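The values are calculated or read from the model by the stated rules, or taken from the named source; none is laboratory data. None of these values were measured; they are calculated from a predicted model. Don't worry about glycine lacking a Cβ; one is built from the backbone with ideal geometry, like all the others, and counts go over all protein chains shown. Ligands, DNA and RNA are excluded from the accessible area calculation, which covers all protein heavy atoms including side chains. Shrake-Rupley method; radii C 1.70, N 1.55, O 1.52, S 1.80 Å.
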Amino acid sequence: MTDATGPTSPTAVDGRRARMPFGIRLFLVYGALILVGIALSMRTVVDQAAVMPISPLGVVVMILLAYTIFTMTLVIQRKQAGFGLAIVLASLVIPAVLLLATSPVHPALPFFVAAFGLLLFRGLLRPEVRTYLSEA
């Protein structure tokens, strides 16, 4: 199907944009949770920056912050490149589950995080997510 704007696009026949798939919504919630976690850890990063200007924790946190914001921006703009970056960012659930499983937290928390991760991957790997993220 070709219209006045170019080749097939994920817009409906009457000109409305396609609805955002559940996997994308769940990913945006996941990204927001990462940003909240970074915001809560900023106190530690700033305290370490007072002692040494470049700390390993500070470098990791800044890279994660930049990567998360860049990936969420691409996904919101419906860019194809956002799909692969979102999958890589979602894969951070795996070490989080392992870390929670070996830390003194509530015993059910690793299972909830693992279930969230499975739901996130299942949502991101659905075909409608690829068609939604179709702008070049």
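Restricting the search to the stretch 103-129, which residues are under 18 Å from Leu35 (Cα atoms) and open to solvent by 40 Å² or more (accessible area, probe 1.4 Å)?
Phe116
Is it true that some residue in the stretch 97-110 is in contact (Cβ under 8 Å) with a residue 24 or more places away in the chain and either more than 15 Å from Met20 (Cα to Cα) or polar (S, T, N, Q) (or both)? Among the residues of the stretch 97-110, not one is in contact (Cβ under 8 Å) with a residue 24 or more places away in the chain and either more than 15 Å from Met20 (Cα to Cα) or polar (S, T, N, Q) (or both), which makes the answer no.
With a requirement of 3 or more residues that are over 12 Å from the mean Cα position of the chain (by Cα) and not small (Gly, Ala, Ser), the helices (runs of 4 or more DSSP H) lying completely within the stretch 42-136 that satisfy it span 56-76, 93-101, 109-124, 127-132.
Residues that are surrounded by fewer than 16 Cβ atoms within 10 Å (Cβ to Cβ), closer than 25 Å to Ser134 by Cβ and not aliphatic (A, V, I, L, M) within the stretch 80-102 comprise Gln80, Gly84, Ser91, listed in sequence order. The set of residues in the stretch 57-72 being open to solvent by 60 Å² or more (accessible area, probe 1.4 Å) and in contact with a helix residue (DSSP H, G or I) (Cβ under 9 Å, 6 or more places away or on another chain) consists of Leu57, Met62, Tyr67, Ile69, Phe70. Screening Ile76 with (1) closer than 20 Å to Arg25 by Cβ; (2) at pLDDT 95 or above gives one miss only, at (2). Here Tyr132 fulfils each of the conditions (1) surrounded by fewer than 16 Cβ atoms within 10 Å (Cβ to Cβ); (2) in contact with a Lys or Arg (Cβ under 7 Å, 6 or more places away or on another chain) apart from (1).
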